[in-house]
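Asks: Okay, here's the structure, questions in a sec.
The values are calculated or read from the model by the stated rules, or taken from the named source; none is laboratory data. Nothing here was measured: the structure is a model prediction, and the numbers come from that model. Neighbour counts run over all protein chains shown; Cβ positions are idealised from the backbone, glycine included. Heavy atoms of the whole protein, side chains included, go into the accessibility calculation; ligands, DNA and RNA do not. Shrake-Rupley method; radii C 1.70, N 1.55, O 1.52, S 1.80 Å.
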Amino acid sequence: MACRGATMVALLLAAVAATCARAQLHDKFYSESCPSVEDVVRKEMVRALSLAPSLAGPLLRMHFHDCFVRGCDGSVLLDSANKTAEKDAQPNQTLRGFGFVERVKAAVEKACPDTVSCADILALIARDAVWLSKGPFWTVPLGRRDGSVSISNETDALPPPTSNFTVLTQLFAAVNLDAKDLVVLSAGHTIGTSHCFSFSDRLYNFTGMENPSDIDPSLEPQYMMRLKSKCASLNDNTTLVEMDPGSFKTFDTDYFKLVSKRRGLFHSDGALLTDPFTRAYVQRHATGAFKDEFFADFAASMIKMGNANPLTGSQGEIRKKCSVVNH
C-alpha cells in the first residue's frame, strides 16, 4: 500500500510540474542561494508545534488566504497603518501565527539574507504544518516573490464558510482550481478550530429569523445540539470549536466521515454533499480505505493552489520583514 501511495504521489506531482515550471517555480530554486532554507523552516516548525500543536491549522489556513487574494505573494502578511490591509479584513480577523511567521523569516534571513521570500516561507510552513500533523509530505515548488499591495476589500475573493456549492466553485475557479481541488482542499478542515460566529447562523439564524428554532435542516440533529451546547448564541465571538472533533490535531480522513454524516461544521462543508462529484469523493474517502489516494490528491492540489498567480523573476521583491515592504 505504501509503494502504491508513493507512486500516486509521484504521478500526480509530475502532472502539476509543467504548470509550475511555466511560472518559474521549482523545488531547487534555492539550491545554491539558500540550500538550508527548508531545514531552517522545519526546525522552527518542529519547535513551535511541539509547544502548540493547535497552531498547525491556522498556519495552513494562512497560506490558503494568501493564495486566494492576489495569488501567493505574501500580501496577507502585510501590516497597514490605517488598518486597510488584507489581515485587517473580517475574514482574516481570526488568523493567527503572524508573529511566528516573522520569527521563521528572521531565522531564514540570518541564514540567507535578502534571498527567500515571505511567500515561499509561508508555502513551506503550510506543507510542514500538514506533514508534522501526520499528513502527506510534498516537494514545494519555490521561487515566489513578495507583493507590495494588500487591500482589505479584496478579501471578497476568499470562500466564506457560509458559501453554497455554486459560490465555492466560482471562487475556486478564479484561482484555477476545480471541483476536485475544492473537495480535496476542504479537507484541510481536518486540523484546527473555528470560532462559533463562523457557523452559528446554522444554529440560530439560518433563514434570518434569529431564534433557536431557525436551524439548518441539513445539519445532523445530535451534532447540532452538541454545537448549541458549545455556542450559546449568535453573539458568541470567543468560543473555539474543533473542526474535526476528536482528531483536530491530526491530519487524516476523519473529515470525510463527518461530512458524510452531515456533521461538517460549516455550510461550505455540507455543500460538498449537494454535488454528485464531490459527494462521491466524500463518500469514497469516508470509508478510510483510501488514505494514500487522498494524501496524494491533497499534495497535488496544494501545489496547484501554491502556483496561483505568483510573482516571479524581477516582479515584486524579497521582503526583509514579512509585515512591511522594503521601501
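Asks: In segment 134-174, which residue that is β-branched (Val, Ile, Thr) and not in a helix (DSSP H, G or I) is surrounded by the most Cβ atoms within 10 Å (Cβ to Cβ)?
Replies: Per the criteria, the residue is 140.
Asks: While we're here: Counting just the residues of segment 228-244 that are part of a loop (DSSP other than H, G, I, E, B) and either modelled with pLDDT of 95 or more or in the same structural domain as residue 129 (by the TED database) (or both), which one comes out farthest from residue 128 (Cα to Cα)?
Replies: 231
Asks: Looking at (1) in the same structural domain as residue 195 (by the TED database); (2) in contact with a Pro (Cβ under 9 Å, 6 or more places away or on another chain); (3) not acidic (Asp, Glu), which one does residue 212 not meet, given that it meets all the others?
Replies: Result: residue 212 fails condition (2) only.
Asks: Considering segment 67-79 alone, what residues qualify as being farther than 9 Å from residue 151 by Cα and over 13 Å from the mean Cα position of the chain (by Cα)?
Replies: The answer is 70, 71, 73, 74, 77, 78, 79.
Asks: Which one is farthest from residue 171 (Cα to Cα) among residues in segment 275-314 that are within 19 Å of the chain's Cα centre (by Cα) and among the small types (Gly, Ala, Ser)?
Replies: Here the residue is 296.
Asks: For residue 116, state whether it is assigned to a loop (DSSP other than H, G, I, E, B), at pLDDT 95 or above and buried (at least 19 other Cβ atoms within 10 Å of the Cβ).
Replies: Yes.
Asks: For segment 280-296, enumerate the residues that are over 19 Å from residue 125 (Cα atoms) and buried (at least 17 other Cβ atoms within 10 Å of the Cβ).
Replies: 281, 282, 285, 286, 290, 292, 293, 294
Asks: Just wondering, is there one or more residues in segment 178-192 that are within 24 Å of residue 237 (Cβ to Cβ), out of contact with any Lys or Arg (no Cβ under 6 Å at 6 or more places or on another chain) and part of a loop (DSSP other than H, G, I, E, B)?
Replies: The answer is yes; a qualifying residue exists.
Asks: Within segment 67-82, count every residue that is assigned to a loop (DSSP other than H, G, I, E, B) and touching a residue at least 12 places away in the same chain (Cβ under 8 Å).
Replies: 10
Asks: Let me ask something else about it. Which count do you get for residues in segment 206-227 that are surrounded by 16 or more Cβ atoms within 10 Å (Cβ to Cβ) and in a helix (DSSP H, G or I)?
Replies: Here the count works out to 3.
Asks: Does residue 266 satisfy the criteria of being of a type in the set (Phe, Trp, Tyr) and farther than 20 Å from residue 217 by Cα?
Replies: Against the criterion (of a type in the set (Phe, Trp, Tyr) and farther than 20 Å from residue 217 by Cα), residue 266 does not qualify.
Asks: Before we move on, is residue 153 touching a helix residue (DSSP H, G or I) at 6+ places or on another chain (Cβ under 9 Å), polar (S, T, N, Q) and touching a residue at least 60 places away in the same chain (Cβ under 8 Å)?
Replies: So residue 153 fails the test.
Asks: Now for a different question. Considering only residues of segment 228-241 that are open to solvent by 60 Å² or more (accessible area, probe 1.4 Å) and not basic (Lys, Arg), which is farthest from residue 288 (Cα to Cα)?
Replies: Residue satisfying both the conditions and the ranking: 235.
Asks: Report, by residue number, each residue of segment 83-101 that is within 21 Å of residue 145 (Cα to Cα), touching a residue at least 60 places away in the same chain (Cβ under 8 Å) and of a type in the set (A, V, I, L, M, F, W, C).
Replies: 85, 98, 101
Asks: May I ask you to say which residue of 244, 275, 252 is over 23 Å from residue 61 (Cα atoms) and surrounded by 17 or more Cβ atoms within 10 Å (Cβ to Cβ)?
Replies: 275
Asks: Can you tell me how many residues within segment 175-192 are in contact with a Ser or Thr (Cβ under 7 Å, 6 or more places away or on another chain) and surrounded by fewer than 19 Cβ atoms within 10 Å (Cβ to Cβ)?
Replies: Residues meeting the conditions: 1.
Asks: For residues that are in contact (Cβ under 8 Å) with a residue 40 or more places away in the chain and either out of contact with any Leu (no Cβ under 6 Å at 6 or more places or on another chain) or of a type outside the set (A, V, I, L, M, F, W, C) (or both), tally how many sit in segment 204-258.
Replies: 23
Asks: Moving to a separate point now. Which of (1) open to solvent by less than 30 Å² (accessible area, probe 1.4 Å); (2) modelled with pLDDT of 95 or more is the odd one out, the single condition residue 304 does not satisfy?
Replies: Among (1) open to solvent by less than 30 Å² (accessible area, probe 1.4 Å); (2) modelled with pLDDT of 95 or more, the lone unmet condition for residue 304 is (1).
Results for (1) at negative phi; (2) open to solvent by 30 Å² or more (accessible area, probe 1.4 Å), shown as yes or no for each residue.
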{"residue": "81", "(1), (2)": "yes, yes"}
{"residue": "84", "(1), (2)": "yes, yes"}
{"residue": "87", "(1), (2)": "yes, yes"}
{"residue": "97", "(1), (2)": "no, no"}
{"residue": "105", "(1), (2)": "yes, no"}
{"residue": "108", "(1), (2)": "yes, no"}
